[in-house]
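K.L.:
Structure incoming, see below.
The values are calculated or read from the model by the stated rules, or taken from the named source; none is laboratory data. Since we're looking at a predicted model, the values are computed, not measured. No Cβ is skipped: glycine too gets one built from the backbone with ideal geometry, and neighbour counts run over all protein chains shown. The accessibility values were calculated without ligands, DNA or RNA, using every heavy atom of the protein model including side chains. Shrake-Rupley method; radii C 1.70, N 1.55, O 1.52, S 1.80 Å.
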Amino acid sequence: PELKVDAGDIVFDNVNFAYRKKRFVLRDFNFRAEGGKLTALVGPSGGGKSTIMNLIERFYDIQSGTITIDGQDISKVRIASLRDQIALVSQHTTIFRGSIRENIRFGRPSATDEEVETAAKNAMAYDFIMATPEGFETELEEGSGLLSGGQLQRLAIARAMLRDAPIILLDEATSSLDSESEHQVQVAFERLMAGRTTIVIAHRLSTVLGASKICVVEDGKITESGRHAELLAAGKRYARLYQLQFKDPDDDKED
């Protein structure tokens, strides 16, 4: 059957998963990302945050338990119908050989030129695109050095906006951006997330202050969850992560 997304509620129920036999990354793992809201995953590298994203996209199948979207078991729906409902923005933007326009259109190949340009405007990418030698027709090479990290990330956000999927998975790596780029990427992320179910792996805690729920993921388990103010007041792991990061903004690289 085809996956039909309404609210976009994502639930992990007693999920066990290992990349290699018997070395479980997630064990009896329970998690819920509420439809239409922002859920943030924080915690040390190797704790399982990226694995959660990979399992939602079904890049791997779980050993036991269930993952459902709006009550539909994702292992039983057609995989293409699952991935059609998800836009992934990872910390490494894939650039294809072709024009900037073609690179954005990859999000939805049937999109018109006007829709591509609107997505670029919403992603705060239009101005820098127009400043390139040929605008939207500027050719990019794989691994293009023509655009900065922040510009590449905004291209990826434009691609996701064009896709217009109800579920957004963000692996937001803003750690390498200067503050102006980071601000523009942040504005673009906020526009992208509006009204959609979003799960973000947060590298900088400043990006998750407004999340509906923050989950601290360690050793394949959620050790704490709540809103920023609650977790800070509790004075446990999240509070320590927060204090550490604001003393030393050079946070760890992701798993």
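Yes/no matrix, rows are residues, columns are (1) closer than 30 Å to GLN184 by Cβ; (2) touching a residue at least 40 places away in the same chain (Cβ under 8 Å); (3) of a type outside the set (D, E, K, R):
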{"position": "LEU26", "(1), (2), (3)": "no, yes, yes"}
{"position": "THR66", "(1), (2), (3)": "no, yes, yes"}
{"position": "ARG83", "(1), (2), (3)": "yes, no, no"}
{"position": "VAL89", "(1), (2), (3)": "yes, yes, yes"}
{"position": "PHE128", "(1), (2), (3)": "yes, no, yes"}
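K.L.:
Quick one: in segment 96-122, which of the residues that are over 21 Å from GLU141 (Cβ atoms) and of a type outside the set (D, E, K, R) is farthest from the chain's Cα centre (by Cα)? Lay out the reasoning, then the answer.
P.N.:
Going through segment 96-122, the residues over 21 Å from GLU141 (Cβ atoms) turn out to be 108, 110-115, 117-119, 121-122.
Checking the rest, the ones that are also of a type outside the set (D, E, K, R) come to 110-112, 118-119, 122.
Numbers: SER110: 23, ALA111: 22, THR112: 25, THR118: 21, ALA119: 17, ASN122: 17 Å.
The residue in question is THR112.
K.L.:
Right, something else. Of ARG32, ARG27, ARG20, which residue is out of contact with any Phe, Trp or Tyr (no Cβ under 9 Å at 6 or more places or on another chain) and open to solvent by 60 Å² or more (accessible area, probe 1.4 Å)? Steps first, please.
P.N.:
Numbers: ARG32 fails: out of contact with any Phe, Trp or Tyr (no Cβ under 9 Å at 6 or more places or on another chain); ARG27 fails: out of contact with any Phe, Trp or Tyr (no Cβ under 9 Å at 6 or more places or on another chain).
Matching residue, one of ARG32, ARG27, ARG20: ARG20.
K.L.:
For segment 19-56, how many residues meet the condition of being under 19 Å from the mean Cα position of the chain (by Cα), of a type in the set (Lys, Arg) and not in a strand (DSSP E or B)? Even if it seems obvious, please write down each step before you answer.
P.N.:
Initially, segment 19-56 is screened for residues under 19 Å from the mean Cα position of the chain (by Cα), giving 31-56.
Checking which are of a type in the set (Lys, Arg) leaves us with 32, 37, 49.
Filter once more, keeping what is not in a strand (DSSP E or B): 37, 49.
The total comes to 2.
K.L.:
Residue check, ALA158 against (1) at pLDDT 95 or above; (2) farther than 22 Å from PHE31 by Cα; (3) more than 14 Å from the chain's Cα centre (by Cα); (4) among the aliphatic types (A, V, I, L, M), all met but one. Which one?
P.N.:
Answer for ALA158: the failing condition is (3).
Condition check ((1) open to solvent by 70 Å² or more (accessible area, probe 1.4 Å); (2) without any contact (Cβ under 8 Å) to a residue 60 or more places away in the chain) across all residues:
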residue	(1), (2)
LEU170	no, no
GLU180	yes, yes
SER206	no, yes
GLY220	no, no
ALA234	no, yes
ALA239	no, yes
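Condition check ((1) crowded, with 19+ Cβ neighbours inside 10 Å; (2) within 26 Å of GLU57 (Cβ to Cβ); (3) not small (Gly, Ala, Ser)) across all residues:
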| position | (1), (2), (3) |
| --- | --- |
| ASP84 | no, yes, yes |
| THR94 | no, yes, yes |
| SER110 | no, yes, no |
| ALA131 | no, no, no |
| LEU140 | yes, yes, yes |
| GLY145 | no, no, no |
| ARG154 | yes, yes, yes |
| ILE157 | yes, yes, yes |
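K.L.:
Now a separate question. Checking LYS76 against (1) in contact with a strand residue (DSSP E or B) (Cβ under 6 Å, 6 or more places away or on another chain); (2) in contact (Cβ under 8 Å) with a residue 40 or more places away in the chain; (3) open to solvent by 80 Å² or more (accessible area, probe 1.4 Å), only one condition comes out false. Which one?
P.N.:
Going through the list (1) in contact with a strand residue (DSSP E or B) (Cβ under 6 Å, 6 or more places away or on another chain); (2) in contact (Cβ under 8 Å) with a residue 40 or more places away in the chain; (3) open to solvent by 80 Å² or more (accessible area, probe 1.4 Å), LYS76 breaks only (1).
K.L.:
Of the numbered conditions (1) in a strand (DSSP E or B); (2) under 30 Å from SER206 (Cβ atoms); (3) of a type outside the set (D, E, K, R), THR66 fails exactly one; give the number of that condition.
P.N.:
Of (1) in a strand (DSSP E or B); (2) under 30 Å from SER206 (Cβ atoms); (3) of a type outside the set (D, E, K, R), only one is false for THR66: (2).
K.L.:
So VAL187 passes all but one of these: (1) under 21 Å from PHE246 (Cα atoms); (2) out of contact with any Leu (no Cβ under 8 Å at 6 or more places or on another chain). Which condition number does it fail?
P.N.:
Of the numbered conditions (1) under 21 Å from PHE246 (Cα atoms); (2) out of contact with any Leu (no Cβ under 8 Å at 6 or more places or on another chain), the odd one out for VAL187 is (1).
K.L.:
Do we have any residue at all in segment 82-91 that's under 20 Å from PHE128 (Cβ atoms) and assigned to a strand (DSSP E or B)? Spell out the reasoning first.
P.N.:
Going through segment 82-91, the residues under 20 Å from PHE128 (Cβ atoms) turn out to be 89, 91.
Next, only the ones that are assigned to a strand (DSSP E or B) stay: 89.
Yes: segment 82-91 contains one or more residues that are under 20 Å from PHE128 (Cβ atoms) and assigned to a strand (DSSP E or B).
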